[in-house]
Amino acid sequence: PGPHVESGVPYVRQQDVVDGTVRTAALGRTTPEIAAKHHRSELRSGDVLLCTIRNLRVAIVPDGLNGANITQGMVRIRPSSEITGDYLARYLESPQAQSWMHERYIGLAMPRINVADARDIPVPVPPVAEQALIVDRLTTFLRAADGVIEKLDRIAALLDDSYQSLLHKLFASPVPGSALTRAL
């Protein structure tokens, strides 16, 4: 992409895709001339990005990144009228799609899938209304799961605090005449 150009064209790298989103605040920028040479990887809001090296992360291009670009190691997938970006992104994150892609990994130090394999990922395409229902149900389930995880994290923190408090009480003031006091 060349050196960073503050007012240049943004580009998305693999490390900018985190937890299903594009971290727009961290994007690098390149010159319009360099970006123009790579017009085939130009982004539009709603495009689906697939990181093809190592982790196979997925994100949907947010509003405001029209005209941005991607670097190597990513594939841009533009959903058609028959498939929604939300559904496609969720499917690409699924164990079925991830397994299919892992079976096609090449390389050892930096395992990846090639662009041709990314184009060939078999995607079940139900009617658009059913896609929306699947995404809505998945979103509801994931929200509930996030709530459970937050509660479990709070419980784990409380247990750790209790354990540390118990250890402190036990060792802060040993019983006079006990084996622990004599050993010290």
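The values are calculated or read from the model by the stated rules, or taken from the named source; none is laboratory data. Not measured: the values here are computed from a predicted model. Every residue, glycine among them, receives a Cβ derived from its backbone with ideal geometry; neighbour counts consider all protein chains shown. Heavy atoms of the whole protein, side chains included, go into the accessibility calculation; ligands, DNA and RNA do not. Shrake-Rupley method; radii C 1.70, N 1.55, O 1.52, S 1.80 Å.
Phe141 fulfils the conditions (1) touching a helix residue (DSSP H, G or I) at 6+ places or on another chain (Cβ under 8 Å); (2) among the aromatic types (Phe, Trp, Tyr); (3) open to solvent by 80 Å² or more (accessible area, probe 1.4 Å) except for a single criterion, (1).
Residues are listed down the side, and each one gets a yes or a no for (1) open to solvent by 30 Å² or more (accessible area, probe 1.4 Å); (2) small (Gly, Ala, Ser); (3) touching a Leu at 6+ places or on another chain (Cβ under 9 Å):
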residue	(1), (2), (3)
Leu92	no, no, yes
Ser99	yes, yes, no
Met110	yes, no, no
Asp120	yes, no, no
Glu130	yes, no, no
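Evaluated against (1) open to solvent by less than 60 Å² (accessible area, probe 1.4 Å); (2) not acidic (Asp, Glu); (3) not in a strand (DSSP E or B), Tyr11 falls short on exactly one condition, (3). For the structure I just gave you, tell me whether Leu88 is within 15 Å of Val9 (Cβ to Cβ), in contact with a helix residue (DSSP H, G or I) (Cβ under 9 Å, 6 or more places away or on another chain) and open to solvent by less than 30 Å² (accessible area, probe 1.4 Å). In short, no.
Among the residues of segment 79-89, those that are free of Cβ contacts under 8 Å to residues at least 60 places away in the same chain and touching a strand residue (DSSP E or B) at 6+ places or on another chain (Cβ under 8 Å) comprise Pro79, Gly85, Asp86, Leu88.
Every residue in segment 53-85 that is polar (S, T, N, Q) and surrounded by fewer than 22 Cβ atoms within 10 Å (Cβ to Cβ), please.
Once the filter is applied, which keeps residues that are polar (S, T, N, Q) and surrounded by fewer than 22 Cβ atoms within 10 Å (Cβ to Cβ), segment 53-85 yields Asn55, Asn66, Thr71, Gln72, Ser80, Ser81, Thr84.
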